[in-house]
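Chemist: Quick one: structure below, then a few questions.
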Amino acid sequence: MSINSTQVILYYFFGASHEKRDTFESIVLNSDWCSFAAKRKLIRHIINEQKLLEGQAKDEFDKLDRKVMSVRMHLLMADCHRTKKRVWLSYLKGHRGQQELTDEYLTEIEILLREAVSKALALAVKIGAKKPAENS
């Protein structure tokens, strides 16, 4: 999850300021046992309970979230190797797979992550955890 998602979680539980906010972020949200998946569940709960997204917008956010999780897992679990002119990521997902590490592939990942950050920022603004950017 991006920093904006962390801001949403903190704002939901503690508001704009609370004496335990920094401690909670440090000990809970930034800990190794508060996984990416756990933060995703918290965000889903907040979205549903606060009705921050509904219908198609919620479906698109969930799909984007799953894609980010998938790319994250591929990159975490992949082995990297190279031939004379190419670099490959090798991974297991049901069966052995490979992905050539090309500019196009990295651009796809960059676009995906930029969209995810943008959507997380929009959620942070919508819940009040962040002020809207003046020049956006």
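The values are calculated or read from the model by the stated rules, or taken from the named source; none is laboratory data. Everything quoted here is computed from the prediction, not taken from an experiment. Cβ coordinates were reconstructed from backbone atoms using ideal geometry, including for glycine residues, and neighbour counts include every protein chain displayed.
Chemist: Inside region 11-125, counting only helices (runs of 4 or more DSSP H) that do not spill past its ends, which hold 1 or more residues that are surrounded by 13 or more Cβ atoms within 10 Å (Cβ to Cβ) and in contact (Cβ under 8 Å) with a residue 40 or more places away in the chain?
Modeler: Qualifying helices (runs of 4 or more DSSP H): 36-50, 55-77.
Chemist: Here's another thing I want to ask about it. Here are 116, 78: which of them is closer than 19 Å to residue 53 by Cβ and either out of contact with any Cys (no Cβ under 6 Å at 6 or more places or on another chain) or at pLDDT below 90 (or both)?
Modeler: Exactly one of 116, 78 is closer than 19 Å to residue 53 by Cβ and either out of contact with any Cys (no Cβ under 6 Å at 6 or more places or on another chain) or at pLDDT below 90 (or both), namely 116.
Chemist: Something else: Restricting the search to region 54-74, which residues are among the hydrophobic types (A, V, I, L, M, F, W, C) and either out of contact with any helix residue (DSSP H, G or I) (no Cβ under 8 Å at 6 or more places or on another chain) or within 13 Å of residue 119 (Cβ to Cβ) (or both)?
Modeler: Residues satisfying the conditions are 57, 61, 64, 68, 73.
Chemist: When you go through (1) within 18 Å of residue 99 (Cβ to Cβ); (2) out of contact with any strand residue (DSSP E or B) (no Cβ under 6 Å at 6 or more places or on another chain); (3) modelled with pLDDT under 90 one by one for residue 36, which number turns out not to apply?
Modeler: (1)
Chemist: Here's another thing I want to ask about it. For region 98-115, which residues satisfy the criterion of being out of contact with any Phe, Trp or Tyr (no Cβ under 9 Å at 6 or more places or on another chain) and not polar (S, T, N, Q)?
Modeler: 103, 104, 105, 106, 108, 109, 110, 111, 112, 113, 114, 115 - these are the residues of region 98-115 that are out of contact with any Phe, Trp or Tyr (no Cβ under 9 Å at 6 or more places or on another chain) and not polar (S, T, N, Q).
Chemist: Kindly indicate which of 55, 97, 128 is over 30 Å from residue 15 (Cβ atoms) and not polar (S, T, N, Q).
Modeler: Unique residue meeting the criteria: 97.
Chemist: Now a separate question. Kindly indicate whether any position in region 101-112 is over 16 Å from the mean Cα position of the chain (by Cα), of a type in the set (D, E, K, R) and farther than 18 Å from residue 12 by Cα.
Modeler: yes
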